[in-house]
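No value in this document is a laboratory result; all are computed from the given coordinates. Nothing here was measured: the structure is a model prediction, and the numbers come from that model. Please note: Cβ atoms are built from the backbone with ideal geometry, for glycine as well, and neighbour counts cover all protein chains shown.
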């Protein structure tokens with residue numbers, strides 16, 4: 001049951017923290033405590049929305065606790081950013097470290113909530129209509145939630161995480177306008193690899209990486225900095241898919 005609770009909580013976290021929260025809202029959160037509270041309100045709403053199909057007093061309690069922890073962590077992050085900005089010491093490395101520290105703390109807090117729910121034997125009871133739908137369709141509700149979580153995770157959150165990791169290595173010659181296309185290519189690449197991993201066609205993953213390399217061969221062969229940047233991004237993208245597939 002622990003995995004079920006954790007994946008359900010993580011699904012809500014991914015939707016609220018990466019899909020509902022826009023880049024503009026994220027920037028405003030760094031400047032105003034008001035936007036931290038607004039974001040946390042959205043976060044709580046998404047937590048409840050995800051919990052609706054398995055609603056119970058205990059599940060709602062878990063959503064409230066998870067949202068409270070989220071607000072606390074975001075307020076601490078806001079205070080850290082404010083203090084760093086006052087000193088004028090903000091950098092890409094500090095931004096990266098704050099991002100990953102923030103997400104790790106959120107992850108740990110959700111593990112704690114999932115552990116509490118499991119320890120107290122809180123059961124997940126889907127609505128009859130939902131359980132009947134999955135039974136008739138011959139699908140597993142848990143598998144559906146897991147795949148939804150994996151697909152959402154390897155898109156926007158993975159793109160942002162990889163971008164943060166690669167920010168300090170980005171070649172000056174790499175044009176900003178290609179970022180969106182590059183991110184979309186990365187998402188499609190990870191989805192294809194995830195499908196191949198799920199059907200145990202491991203050797204086929206090499207074809208995906210080869211096709212991607214052929215498209216950039218000319219630039220890779222001529223620019224050493226870009227080649228290293230490209231290789232690092234590809235390896236990080238592959239690691240994300242393997243870890244997600246292995247864990248779930």
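Calculate for the chain the 222 nm mean residue ellipticity that helices alone would give, adding -39,500 (n - 2.57) per DSSP H run of length 4 or more and normalising by residue count, nearest 500 deg cm²/dmol.
Value at 222 nm, helices only, nearest 500: -26000 deg cm²/dmol.
Give me the percent relative contact order of the chain, please, defined on Cα pairs under 8 angstrom at least 6 residues apart. Don't jump to the answer; show the numbers that get you there.
Numbers: 185 pairs, mean separation 56.1, N = 248.
For the chain, the relative contact order is 23 percent.
Mark the label point 7 Å from the Cα of residue 115 along Cα→Cβ and return the residues of segment 70-108 whose backbone N is within less than 14 Å of it.
Correct set: 105-108.
Is the C-alpha gyration tensor of the chain telling us rounded, prolate or oblate? Criteria: a/c under 1.5 is rounded; beyond that, a/b larger than b/c is prolate, otherwise oblate.
Judged from the Cα gyration tensor, the chain comes out oblate (a/c at least 1.5, b/c at or above a/b).
Could you give the length gained on full extension between residue 211 and residue 90, defined as 0.36 nm per residue of separation minus the Cα-Cα distance, in nm?
Result: 39.7 nm gained on full extension.
What is the fewest-to-most order of 36, 239 by other Cβ atoms lying within 10 Å of their Cβ?
239, 36
Going by C-beta contacts inside 10 Å, put 105, 110 in order with the fewest on the left.
Lowest count first: 105, 110.
In what order do 94, 160 fall by count of nearby beta-carbon atoms within 10 Å, going from fewest to most?
On the way: 94 13, 160 16.
Least crowded to most crowded, the residues run 94, 160.
Using per-residue counts of other Cβ atoms within 10 Å, averaged over each peptide, order 225-233, 148-156 from highest down. Provide the component values of the computation, followed by the final result.
Details: 225-233: 15.7, 148-156: 18.4.
Descending packing order for the listed peptides: 148-156, 225-233.
Counting alpha carbon pairs within less than 8 Å and at least 6 residues apart, what relative contact order, in whole percent, applies to segment 1-120?
Worked out over segment 1-120, it gives 38 percent.
When you count, for each residue, the other Cβ atoms within 10 Å and take the mean per peptide, how do 41-50, 192-201, 6-15 rank with the highest first?
So the order, starting with the most tightly packed, is 6-15, 41-50, 192-201.
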